[in-house]
Amino acid sequence: MGTTAPDLFVAIDRTRPRGLRVQIEDGLRAAIRSGRLAAGAVLPSTRALAADLGVTRKVVVEAYDQLAAEGYLMARRGSGTVVNRAAPRIAVAAGPVRDDVEIDFRPGRPDLSLFPRTAWARATRTALGALPHADLADDDRRGLAVLRRALAEYLGRVRNVEADPDQIVVCSGFGHAFDLAAAALKGLRFAVEDPGYPGPRARLASYDAVPVDADGLDVDALARTGARAVVVTPAHQSPTGVVLSAARRSALIAWAHAVDGYVIEDDYDAEYRYDRRPVGALHGLAPDRVIHCGTTAKTLASGVRLGWAVLPPALLDAALARRAVTDGSTSTVLQATFAAFLAAGDLDRHLRRVRRVYRARRDALVAAIRCEIPEAEPRGVAAGLNVLLALPDGSDELAVARRALDVGVRVYPLAPFRVTSASGPGLVLGYGTVDPGRAARGVRLLAEAIGGVRTPSPARGA
Ligand SMILES: Cc1ncc(COP(=O)(O)O)c(C=O)c1O
């Protein structure tokens, strides 16, 4: 291995059903996304990595080719294969800080300046005043009873989830809820949405990818995989923004019964629906087959670190056993505060306020797109904090993102959400922090970038 090539650790498991090429791809993709392989890092030659892993060179060549097609890697004449500087890592993670970015369409981020500080401070005082000494201990791994009762009321009223407080586990967010659910479902084959939120995939050793269309997850395709567990975003699919249709909801529940399987419902941003009341959670159709997971990452802030899982009783012990050997439990002071915040009606009040703000921001973004980039299509229902902007077939989403960055706008390619190459080129544009005036300017600049990629200027030699 050359001196500049990193000593690369890629785990492969010959007993796993996923092929070696796919495992190498997954390993490298995860290393790039997490930053373990930095932008510009030189990869070992295909020959060296093949020898290291004890696989044929063809397998490594194919894995490198696939990752190059996805924009993670670049072949450099004379210096081998390197990690692309515009690798899709930038799409979900914060990415390298650039001071010259004027407008950042970062997906999934609420406007943190709208955090209800006054109400939260009031809830903290109320909670500390009322918290029994005993609740300063973390004896119940499910969380404080007072919060589980408040959540049961909130979820029943807002999401049509009928949950016994005894079945609710308070945790630090959706990702944590997923970890606990996955531990309870250990041994089951998993399926994920394609395209879909990468969080669960990063936590699974293997999975099947199931396509999403205008009605949401393709349940017939799911049934063909042989999986017995699936993670879905039924209220507002991430990132396409479609809603799982009524027929597909029934089919999904019928599938779960038929295979003796489970559905993990990621209800991450269901509170944000701007054109009508949100559809009720899937959980209501089959509480014994659905693990309903929620988070405060979108309604309040991801740094609050609070979420929940509503588990069928049969899975509760296994999830809690996992918790016992991982983080133990969630801060009871934080839980008591959130319970007081919910009980005072402050989450409802906050949501009423911010929904109006986000609705105006979404409308402005979509209107600007229709005017400035008519050849691209904003997809998804009026909900959440992102719009999927489908680019014309043949567009190079990574080149667009790169060019946009040059003119001061950060946009996020669809690549990290894709499992297979089935979905066409697109950008996931978050508008949570972009006010209408900046959305209009950002889209004008983005239109310029798209035009620039279509007709590269000879001066740039692009
Ligand atoms: C689809 C989806 N699910 C869940 C989450 C939030 O997860 P967590 O609560 O682990 O921050 C996000 C955040 O970006 C998301 O986009």
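The values are calculated or read from the model by the stated rules, or taken from the named source; none is laboratory data. Fair warning: this is a prediction, and the values are worked out from it, not measured in the lab. Cβ coordinates were reconstructed from backbone atoms using ideal geometry, including for glycine residues, and neighbour counts include every protein chain displayed.
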Across the stretch 397-425, the tally of residues that are surrounded by 24 or more Cβ atoms within 10 Å (Cβ to Cβ) and on the phi > 0 side of the Ramachandran plot stands at 0
Inside the stretch 303-355, the number of residues satisfying the requirement of being acidic (Asp, Glu), modelled with pLDDT of 95 or more and farther than 19 Å from Glu153 by Cβ is 1
When restricted to Thr326, Thr330, the only residue buried (at least 22 other Cβ atoms within 10 Å of the Cβ), polar (S, T, N, Q) and closer than 27 Å to Pro287 by Cβ is Thr330
Taking the stretch 202-226 and keeping residues over 21 Å from Ala254 (Cβ atoms) and either in contact with a Lys or Arg (Cβ under 6 Å, 6 or more places away or on another chain) or surrounded by 23 or more Cβ atoms within 10 Å (Cβ to Cβ) (or both) leaves Ser206, Tyr207
Residue pairs within 6 Å by beta carbon, gap of at least six or interchain, first lying in the stretch 284-308 and aliphatic (A, V, I, L, M), second within 8 Å of the ligand (Cβ to nearest atom), listed first then second, are Ala297/Gly173; Val304/Thr296; Leu306/Thr296
Being within 18 Å of Glu271 (Cβ to Cβ) and not charged (D, E, K, R) narrows Ala404, Ala422, Ala376, Ala360 down to just Ala360
For the stretch 302-313 the number of residues that are more than 10 Å from the ligand (Cβ to nearest atom) and out of contact with any strand residue (DSSP E or B) (no Cβ under 6 Å at 6 or more places or on another chain) is 2
inquiry  = Against the condition within 16 Å of the ligand (Cβ to nearest atom), touching a residue at least 12 places away in the same chain (Cβ under 8 Å) and of a type in the set (D, E, K, R), how does Asp104 come out, does it pass?
reply    = yes
(Q) I'd like to check something: does the stretch 337-347 contain any residue that is over 23 Å from the mean Cα position of the chain (by Cα) and within 15 Å of the ligand (Cβ to nearest atom)? (A) yes
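The rows are residues; the columns are (1) surrounded by 20 or more Cβ atoms within 10 Å (Cβ to Cβ); (2) at pLDDT 70 or above; (3) under 20 Å from Leu427 (Cβ atoms).
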{"site": "Ala51", "(1), (2), (3)": "no, yes, no"}
{"site": "Ala63", "(1), (2), (3)": "yes, yes, no"}
{"site": "Gln66", "(1), (2), (3)": "no, yes, no"}
{"site": "Leu73", "(1), (2), (3)": "yes, yes, no"}
{"site": "Arg77", "(1), (2), (3)": "no, no, no"}
{"site": "Ala91", "(1), (2), (3)": "yes, no, yes"}
{"site": "Ala94", "(1), (2), (3)": "no, no, yes"}
Discussion item. Just to be sure before I move on: is Tyr268 of a type in the set (Phe, Trp, Tyr), at pLDDT 95 or above and within 17 Å of Gly173 (Cα to Cα) in the structure I sent?
Written reply: yes
Output for Cβ contacts, cut-off 7 Å, separation at least six or different chains, first residue free of Cβ contacts under 8 Å to residues at least 24 places away in the same chain and more than 19 Å from Thr295 (Cβ to Cβ) in the stretch 220-238, second part of a strand (DSSP E or B) and more than 10 Å from the ligand (Cβ to nearest atom), reads Ala221/Val210; Ala221/Pro211
_Taking the criterion of being among the aromatic types (Phe, Trp, Tyr) and either part of a loop (DSSP other than H, G, I, E, B) or touching a Pro at 6+ places or on another chain (Cβ under 9 Å) (or both), would at least one residue in the stretch 102-110 satisfy it?_
yes
The one condition Phe178 fails out of (1) within 16 Å of the ligand (Cβ to nearest atom); (2) out of contact with any Cys (no Cβ under 7 Å at 6 or more places or on another chain); (3) within 25 Å of Gly380 (Cα to Cα) is (2)
Within the stretch 166-175, the count of residues that are touching an Asp or Glu at 6+ places or on another chain (Cβ under 9 Å) and more than 14 Å from the ligand (Cβ to nearest atom) comes to 0
